[in-house]
Amino acid sequence: MESSTQYQLLYLRLKKEILADVYPIGSILPSENDLCAAASLSRSTVRQALSQLEKEGYITKQKGKGSIVKSKSRSLNLLSFQGFSAMVDRTKISTLSVQVPSYFAWPEDFPFELSELEKAAACIHFARVRALEGRPVMYEQTFVPNLNLPQFVRRFKLNQSFFEFLAKEYQLEISGMEQEIWAVAAPNFVAQHLQVELDSPVLKINRKYHSNRSHLNLYSILYCNTEKYALGNSSGVLNQSI
């Protein structure tokens with residue numbers, strides 16, 4: 001039985017090849033049959049990967065021709081719950097450490113309601129700036145309840161994909177999220193990290209991620225500079241208010 005991540009791996013590989021001009025605009029991707037055979041995947045898995053590419057504007061499907069490369073999207077797809085590393089060409093991502101993973105008390109002004117279990121456990125906190133093509137686009141603070149995640153502080157490195165790390169080390173997978181989005185004036189610390197003028201308009205996104213452990217939610221507060229990149233969307237968004 002194929003893992004639910006198999007279509008994501010195919011989707012990411014095809015997207016990377018489109019961005020690298022292995023498949024330039026106007027070219028046709030390998031057929032579904034060829035993709036199935038090359039990676040030993042089911043047709044439904046291949047179609048799911050192609051459907052994701054189509055939703056994000058990379059390809060268009062034409063009857064009798066197949067999947068035609070349509071564009072190299074400049075959308076960050078930050079509204080997706082799959083994570084920044086999964087939605088952007090990784091060869092163009094760089095990460096600046098702001099706060100390495102450390103044990104913290106929950107902030108008094110934390111924007112989400114916590115369970116008694118989460119409150120009692122305190123949290124693991126880290127912060128980083130994600131840059132695309134050398135341009136800072138996202139300042140991210142992450143809060144993880146300190147619940148059954150041994151050695152997290154020592155093992156997790158800020159240049160890793162957070163979600164891939166959780167899946168590999170703890171078999172913890174993200175099943176969905178809630179998020180609230182506002183346009184705000186960049187406070188001083190955000191302006192410095194994103195290299196924008198003080199009070200410049202940025203997007204603030206508060207997120208609560210649901211996982212395959214019913215008692216364990218993950219939380220992020222993001223500030224995004226979308227001056228050069230559009231804010232994309234995908235079917236991963238379960239709940240949002242703007």
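The values are calculated or read from the model by the stated rules, or taken from the named source; none is laboratory data. Nothing here was measured: the structure is a model prediction, and the numbers come from that model. Ideal geometry is used to build each Cβ from the backbone, glycine not excepted, and the neighbour counts take in all protein chains shown. Heavy atoms of the whole protein, side chains included, go into the accessibility calculation; ligands, DNA and RNA do not. Shrake-Rupley method; radii C 1.70, N 1.55, O 1.52, S 1.80 Å.
Yes or no, residue by residue, for (1) within 19 Å of the chain's Cα centre (by Cα); (2) closer than 14 Å to Ile221 by Cβ:
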site: Phe112; (1), (2): no, yes
site: Leu117; (1), (2): no, no
site: Cys123; (1), (2): no, yes
site: Phe126; (1), (2): yes, yes
site: Ala131; (1), (2): yes, no
site: Val137; (1), (2): yes, no
site: Thr142; (1), (2): yes, yes
site: Pro145; (1), (2): no, no
site: Gln151; (1), (2): no, no
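Out of Glu197, Glu169, I need the residue that is closer than 24 Å to Glu133 by Cβ, among the charged types (D, E, K, R) and open to solvent by 20 Å² or more (accessible area, probe 1.4 Å). Which one?
Glu197
Checking the structure you have, find out if any residue of region 207-214 is under 18 Å from the mean Cα position of the chain (by Cα) and among the polar types (S, T, N, Q). Even if it seems obvious, please write down each step before you answer.
Filtering region 207-214 down to residues under 18 Å from the mean Cα position of the chain (by Cα) leaves 207-212.
Within this subset, residues satisfying the condition of being among the polar types (S, T, N, Q) are 211-212.
Yes, some residue in region 207-214 is under 18 Å from the mean Cα position of the chain (by Cα) and among the polar types (S, T, N, Q).
Any idea which of Asp21, Asp34 is exposed (fewer than 14 other Cβ atoms within 10 Å of the Cβ), acidic (Asp, Glu) and modelled with pLDDT of 90 or more?
Asp34
Determine if region 123-132 includes at least one residue that is farther than 25 Å from Trp182 by Cα and small (Gly, Ala, Ser).
No: region 123-132 contains no residue that is farther than 25 Å from Trp182 by Cα and small (Gly, Ala, Ser).
Can you pull out every residue in region 15-37 that is within 16 Å of Gly57 (Cα to Cα) and part of a helix (DSSP H, G or I)?
Across region 15-37, the qualifying residues are Lys15, Lys16, Glu17, Ile18, Leu19.
Let me spell it out: the conditions are (1) free of Cβ contacts under 8 Å to residues at least 40 places away in the same chain; (2) of a type outside the set (Phe, Trp, Tyr); (3) closer than 21 Å to Gln8 by Cβ, and Ile174 meets all of them except one. Which number is the exception?
Only one criterion is unmet by Ile174, namely (1).
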